[in-house]
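Asker: The structure's right below; bear with me while I get my questions together.
The values are calculated or read from the model by the stated rules, or taken from the named source; none is laboratory data. Computed from a prediction, not measured in an experiment: that's the story for all the values here. Here the Cβ positions follow ideal geometry from the backbone for every residue, glycine too, while neighbour counts run over all protein chains shown. These area figures cover heavy atoms from the full protein model, side chains too; ligands, DNA and RNA do not enter into them. Shrake-Rupley method; radii C 1.70, N 1.55, O 1.52, S 1.80 Å.
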Amino acid sequence: MASLSSTAAYYAQMKSKWASEYPSSEDIESIWGFYKECGYADPQTTLRSMLDPITPLKKKRILDYGCDKGLMLEFFCKGLDGDIKGYGVDINDEAIKTAKERFPGFLFQVGDGLTIPYDDKYFDVILVMATIKHVRYEDRDAVYAEINRVADYALVVEADEKEQKVQEMMGWNFYNSNFAMEFEKNFSVCVKVVREGGDILGLYKCK
């Protein structure tokens, strides 16, 4: 486990890097285009269907962990019955600024993700989409503990990697692992798993 000072310094550096360098999507259609390039036939249907086993949502609250500009949060909230309240957390303060402007009905906050500023089991489901690979191995336990603490269920999406290795790509480090095994280990019960476009999509009951 890294020291608190070194962890804080790392994520302070990453916060600046995300704000200045991360290639955020400007609209939802570009996101769907990317999914299709990766091999998804119908990404909207695939993603929405992942929440079918737990709908209708009882608390009517969704948190997007690593929400970027809020586009995916808005997609999920619009696709569910009832007045769903959307919440987002991201390390990128520039993306959060844009999200607040675009979706004033949702609540967005800047955070490093090591702590999530909400009460225990506040959310029906937390979306964790292509986010875990950005978390260093030494910080994973803390992140999973927070995800499990604040939500009843977690929808996680990652590349369907099979081994633990750091992959450098365009100046970014991806902390890959056998995510299928990692998710099984860190959540309570697997509700649904789909593999598509080289990804693993899993809905898990939180501990």
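Asker: Run down A41, A99 and say which single residue is among the hydrophobic types (A, V, I, L, M, F, W, C) and either closer than 22 Å to C206 by Cβ or within 16 Å of the chain's Cα centre (by Cα) (or both).
Answerer: A99
Asker: While we're here: Please find, among M181, M169, M129, the residue that is at pLDDT below 95 and either in contact with a helix residue (DSSP H, G or I) (Cβ under 7 Å, 6 or more places away or on another chain) or of a type in the set (A, V, I, L, M) (or both).
Answerer: Sole residue among the options that is at pLDDT below 95 and either in contact with a helix residue (DSSP H, G or I) (Cβ under 7 Å, 6 or more places away or on another chain) or of a type in the set (A, V, I, L, M) (or both): M169.
Asker: Filter segment 151-167 down to the residues that are over 16 Å from the mean Cα position of the chain (by Cα) and within 21 Å of Y35 (Cα to Cα), then identify the one that is surrounded by the most Cβ atoms within 10 Å (Cβ to Cβ).
Answerer: The extreme case among them is E161.
Asker: Going through segment 88-123 one residue at a time, which ones are surrounded by fewer than 20 Cβ atoms within 10 Å (Cβ to Cβ), touching a helix residue (DSSP H, G or I) at 6+ places or on another chain (Cβ under 6 Å) and of a type in the set (A, V, I, L, M)?
Answerer: V110, L114 - these are the residues of segment 88-123 that are surrounded by fewer than 20 Cβ atoms within 10 Å (Cβ to Cβ), touching a helix residue (DSSP H, G or I) at 6+ places or on another chain (Cβ under 6 Å) and of a type in the set (A, V, I, L, M).
Asker: Oh, and also: Looking at segment 30-55, I want the residues that are at pLDDT 95 or above and in a helix (DSSP H, G or I) and have a partner that is open to solvent by 70 Å² or more (accessible area, probe 1.4 Å) and not acidic (D, E) with Cβ atoms under 7 Å, at least 6 apart or on another chain. Which pairs are those?
Answerer: P43/K36
Asker: Considering only residues that are touching a strand residue (DSSP E or B) at 6+ places or on another chain (Cβ under 9 Å) and part of a helix (DSSP H, G or I), which ones fall in segment 170-196?
Answerer: F179, A180, E182, F183, E184, N186
Asker: Condition (residue is in a strand (DSSP E or B), within 20 Å of G39 (Cα to Cα), open to solvent by less than 40 Å² (accessible area, probe 1.4 Å) and of a type outside the set (A, V, I, L, M, F, W, C)) applied to segment 197-206: is it met by at least one residue?
Answerer: Scanning segment 197-206, I find at least one residue that is in a strand (DSSP E or B), within 20 Å of G39 (Cα to Cα), open to solvent by less than 40 Å² (accessible area, probe 1.4 Å) and of a type outside the set (A, V, I, L, M, F, W, C), so the answer is yes.
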